[in-house]
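Please read through the structure below; I'll follow up with questions.
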């Protein structure tokens, strides 16, 4: 693709390959900043988390006295804005498919979200009516297995 300007022909940014280089550069910078943010929260630094926020964060599991997946949850919440207060750190998400609503635990409570403390399913006020009859299969395990935490590898 070429465009005429004045007396000569000049290539467009796309034809010259500059546009693709720009997109690649921006993508690389974004990837680096996301990796840095994850590294900031998954390193040896100390991070304090509200108990309820940790309980409602997706991907956080309790094995004995150890929380697994907390570093990833903190990193994800640190870039997630709350639908109510617009601050970062939202960890509660609506169960409705494609619902963009996210909230801090406290904001979810004050905004009248339905939070099922048994299944940990959250429903935003916009979807409470349409999801009031969610049939959740509740499994009860008769056999418990001890988990060796030394075999769990830390994700990078």
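Listing 97, 114 from the residue with the fewest other Cβ atoms within 10 Å to the one with the most, what is the order?
Fewest-to-most Cβ neighbours within 10 Å comes out as 97, 114.
Sorted by average packing, counted as other Cβ atoms within 10 angstrom per residue and highest first, what order do 99-106, 78-85 take?
99-106, 78-85
By how many nm would the segment from residue 117 to residue 63 lengthen if fully extended, with 0.36 nm per residue of separation less the alpha-carbon distance?
The residue 117-residue 63 span can extend by a further 17.6 nm.
Please list 116-122, 90-96 highest first by mean number of surrounding beta-carbon atoms within 10 Å per residue.
Top to bottom by mean Cβ count within 10 Å: 90-96, 116-122.
All of the numbers you see were taken from the coordinates with simple rules; none came from a lab. Keep in mind that what you see is a predicted model, and the values were worked out from it rather than measured. Glycine also receives a Cβ, built like all others from the backbone with ideal geometry; neighbour counts cover every protein chain displayed.
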